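What follows is one structure encoded as structure tokens, with my remarks underneath.
The values are calculated or read from the model by the stated rules, or taken from the named source; none is laboratory data. Just so you know, these numbers come straight off a predicted model, no measurement behind them. Counting neighbours? That spans all protein chains shown, and the Cβs are built from the backbone with ideal geometry, glycine included. These area figures cover heavy atoms from the full protein model, side chains too; ligands, DNA and RNA do not enter into them. Shrake-Rupley method; radii C 1.70, N 1.55, O 1.52, S 1.80 Å.
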Amino acid sequence: MSEFAELSLGDKKYQFPVITGSEDEKAIDIAKLRDETGHITIDSGYKNTGATKSAITFLDGELGILRYRGYSIEELAEKASFLEVAYLLIYGELPTAQQYAEFENEIKMHTIVNEDMRKIFEGFPVNAHPMGVLSAMVCAMSAFYTGEKSGSDELNIIRLMAKMPSMATWSYKKSQGHPVNYPNNSLDYCSNFLNMMFALPVAPYQVNPVVSAALNKLLILHADHEQNCSTSTVRLVGSSHASLYASISAGINALSGPLHGGANQEVIEMLEDIKADGGDTAKYIAMAKDKNSGFRLMGFGHRVYKNFDPRARIIKKAADDVLAALGINDPVLKIASELEAAALSDEYFVARKLYPNVDFYSGIIYRALGIPTDMFTVMFAIGRLPGWIAQWKEMKANKEPIGRPRQVYVGATERAYVSMAERA
Ligand code: ACO
């Protein structure tokens, strides 16, 4: 007989099937719980709730394992290109040389952003946060590519992969008050992004291969992370059959929060503050431990990684390599290392299994590459795009029902309306 879990409620017993994933992960299938028992489960923050079965990304938070479609993050970050990984996530297998060439070429054929969309940029104030601009522009795509222009899911996937770097760099150009750059299809994905970011009409930009390779690695490390906050948002919005653009735009908004993707910006700002305050890391460790201070050590802790974040290890080494290759001596790197060493030997952090996450060192590399601080989370969004797309596609292919959690109501019970004149 297959495995089941037994639940006792009063004098009744109920059985629920146990399902096992391909990596031996176990789940109790409670799909019939409410029908059979009249009860629901409650799990604030979904800490123990599986929302789907997925074949895209496997991670083991205790062992620090992360794999996309079975391939380890360490191997992909070392050997693959970002577009190869995007193809792997979206279509399930690594591309052959021909499939890769076709995918890259199709993306290049769609990099230009509609000129009417470019005009929307003119309406944003100069100090607009690029994450707000990016999510608005991606959402605007659902207005531009609608009706007879909507096209197939496959076409919309290509359009998004192609236009996101252009739109991201335009939001930066806008903040500088500079004219935007158009894509250059003779460049690869990362180099094209860098060129649109940094080329000026008065000074052409020469792509440094060290910078381009570092960007490629960072994008791969961020490409997917199973059912995190922004990805769950993409799947939930998509489950209403909202468009791919509307779903991804919602994911960008979820990512912008400082507890999620916004942490990479907060980390650098925190390290800068510590430096400006004399570099006393012990003071900040003490503040992070004091619940009344309202201060958290940004870039520390993770919902699922409880021993180490494998991406953080790769990024730390990449940060050292990039800074050395570019001849940069960034004083915040020293503060980051001191903070990490202090936290890892502190009982508070050890007991709560708080380790540096992917964003602790990513900002240091981005800064070395010349990316301004408020673009850090946009970089994360560009990296995460293929993961969001893959998850949206899987949700649709599985014909998942509309997402609709329940609640336990704890408000007032029924009462009679009192007219305004009679209210105290
Ligand atoms: N600094 C100090 N204390 C912390 C930190 C931190 N960075 N993170 C968690 N804690 C403490 C909490 O106060 C709590 O302590 P308690 O048990 O005494 O109440 C305990 O550790 C558990 O923390 P939770 O917030 O319950 O853990 P949760 O899994 O809900 O949150 C999160 C994970 C949001 C990442 C959290 O660790 C955090 O806020 N980190 C800082 C922000 C950050 O770096 N976010 C990026 C995450 S990675 C990503 O999105 C790509």
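From the set of residues in segment 1-18 that are of a type in the set (S, T, N, Q) and touching a Phe, Trp or Tyr at 6+ places or on another chain (Cβ under 9 Å), which is most open to solvent (accessible area, probe 1.4 Å)? Let's see the steps before the verdict.
At the first step, the residues of segment 1-18 found to be of a type in the set (S, T, N, Q) are 2, 8, 15.
Applying the additional criterion that residues be touching a Phe, Trp or Tyr at 6+ places or on another chain (Cβ under 9 Å) yields 8, 15.
On the way: 8: 71, 15: 89 Å².
That would be 15.
Tell me, yes or no, whether segment 73-86 has at least one residue that is over 18 Å from the mean Cα position of the chain (by Cα), closer than 19 Å to residue 310 by Cβ, crowded, with 19+ Cβ neighbours inside 10 Å and in contact (Cβ under 8 Å) with a residue 60 or more places away in the chain. Yes - at least one qualifying residue is present in segment 73-86.
Determine whether segment 238-254 contains at least one residue that is crowded, with 24+ Cβ neighbours inside 10 Å, within 28 Å of residue 81 (Cβ to Cβ) and within 14 Å of the ligand (Cβ to nearest atom). Yes, segment 238-254 has at least one match.
Out of the residues in segment 72-114 that are of a type in the set (Val, Ile, Thr) and not in a helix (DSSP H, G or I), which is modelled with the highest pLDDT?
Of segment 72-114, the ones of a type in the set (Val, Ile, Thr) are 73, 85, 90, 96, 107, 111-113.
After this cut, where a residue has to be not in a helix (DSSP H, G or I) as well, the list is 96, 111-113.
Details: 96: 98, 111: 95, 112: 93, 113: 93.
Among them, the one singled out is 96.
Beta carbons closer than 9 Å, at least 6 apart along the sequence or on distinct chains, pair a first residue in segment 283-310 that is at positive phi and assigned by TED's automatic domain parsing to the domain that holds residue 332 with a second that is near the ligand (Cβ under 6 Å from one of its atoms) and hydrophobic (A, V, I, L, M, F, W, C) for 299/263; 299/358; 301/354. Selection within segment 283-303: residues that are more than 12 Å from residue 348 (Cα to Cα) and surrounded by fewer than 16 Cβ atoms within 10 Å (Cβ to Cβ). The member of this set that is farthest from the ligand (Cβ to nearest atom) is 283. Scanning segment 66-82 for residues that are away from the ligand (no atom under 15 Å from the Cβ) and either in contact with a helix residue (DSSP H, G or I) (Cβ under 7 Å, 6 or more places away or on another chain) or under 13 Å from residue 224 (Cα atoms) (or both) gives 67, 68, 69, 70, 71, 72, 74, 76, 77, 80, 81, 82. Exactly one residue among 212, 243, 249 is under 22 Å from residue 317 (Cα atoms) and not hydrophobic (A, V, I, L, M, F, W, C), and that residue is 212.
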